[in-house]
Amino acid sequence: MSDQQASFRKGITCALLAYGAWGLFPIYWKAFGTVPAVEVIAHRLVWSLVFLIGVGVATRQLGTCARIARNPRLVGILFTTATLLSVNWIIFVYGVNSKQIVETSLGYFLNPLLNVMLGALILRERLTRAQIVAVALAAAGVCYFGWHLGHAPWIALGIATSFSLYGFLRKLAPVEALPGLIVETAVMSPVAVGGLLLLAAHGSAHFADSPVHTILFIGGGVVTAVPLILFVSGAKLLPFSMLGILQYLTPTLQLLVGVVLYREAFTSREAITFALIWSAIALFVSSSFLRRSSGARQIPLKSRDQ
């Protein structure tokens, strides 16, 4: 197996593990009940940093983190990505705990198609006519959903936009997965700590409410950091458009969790919206695979044996 093939397989494995974990996340965050999303995210950042520093010590990468921290440009990029990720987390946890898991899954169904648009507009990745139609179908689905809601589906749009921009900037940032993630988390942690101290001062903190809450808050650091490490590792090894295809695993699992496990409504509004989104996905995926197969047939036999 060539180094390129090994890197590709590693990227696929990392991405699938990350997206599978994120697909089951609603079960974990639902356990917080009525705890405000902002407090959950503040703890998520703080305990993620504690866990990541431990991993950094074990892998001897804190020196790399220090070098990144001395580069103002890189710190600025990572502060931007950390902000985008925090916004994504807040919207997601709010959606889960306000019984809108179906709409959060819509956001993650849209996210890959936004990846495709970013790849085409900024990275100059070429799209076929079928892929352009796929993006248009997805847009039609969102418009239909918003029209029947009576307002823009801001949970879905917020999740899709924030995570697409996060993945795009992290792919371009010239830093390794783990050191970058440690610095990224560290630059936002002072804000999180300040928010938690403010909540404690007003007597509205939930950390010590019960042993269950305490364990959930601390455990949130591990369940947050591990999929992120896997995702960023995969993003470095795979084409941006390929990440979009693999990411469909996350919203599919989230939709199943919302409808099957938590009995959220799935009316004709959702059915038509998701039919348009799934049609867009099927068109995009089939077009992508046909394109790759066509390219593979054009490779001489000798090249494939090397």
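We did not get these values from a lab; they are worked out from the coordinates using the rules stated. Since the model is a prediction, treat every value here as computed from it, not as a measurement. Cβ: placed from backbone, ideal geometry, glycine included. Neighbour counts: every protein chain shown.
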(message) Rounded to the nearest 20 debye, what is the charge dipole size of the stretch 3-305 about its Cα centre when +1 sits on each Lys and Arg Cβ and -1 on each Asp and Glu Cβ?
(response) 1040
(request) Could you tell me the distance between the Cα centroids of the stretch 1-21 and the stretch 45-111, to the nearest Å? (result) 21
(message) Let me check against my output: what whole-number percent is the relative contact order of the chain, with C-alpha pairs under 8 Å and at least 6 apart?
(response) 40
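If packing is taken as the average count of other Cβ atoms within 10 Å, what order do 113-125, 16-28 fall into, highest mean first?
16-28, 113-125
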(message) Of Ala200, Phe231, Tyr94, which is farthest towards the positive pole of the chain's charge dipole, taken about the Cα centre with +1 and -1 on the beta-carbons of Lys, Arg and Asp, Glu respectively?
(response) Phe231
(message) How far apart, in nanometres, would the label points at Leu256 and Arg129 be if each is projected 7 angstrom from Cα along the Cα-to-Cβ direction?
(response) 3.6
(request) Can you pull the one-decimal nm distance between simple spin-label points at Leu290 and Thr34, each 7 Å off the Cα toward Cβ? (result) 5.4
(request) Convert each backbone phi in the stretch 16-31 into a coupling constant with the Karplus relation 6.51 cos²θ - 1.76 cosθ + 1.60 (shift: θ = phi - 60°), then list the ³J(HN,Hα) values in order as whole Hz, x for Gly and Pro. (result) 5, 5, 5, 5, x, 4, 5, x, 9, 4, x, 4, 5, 6, 5, 5
(request) Please give the contour-minus-distance gain from Ala275 to His148: 0.36 nm per residue of separation, less the Cα-Cα distance, rounded to one decimal in nm. (result) 44.2 nm
(message) So for the chain, considering every pair of alpha-carbon atoms, how many percent are separated by more than 29 Å?
(response) 39
(request) Calculate the spin-label point distance for Thr13 paired with Ile53, positioning each point 7 Å from the Cα along the beta-carbon direction, and give it in nanometres. (result) 3.1
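Explain nothing, just the number: relative contact order of the stretch 32-161, from Cα pairs under 8 Å at least 6 residues apart, as a whole percent. Before the final figure, lay out each step's value.
Details: 70 pairs, mean separation 39.8, N = 130.
In percent, rounded to a whole number, it is 31.
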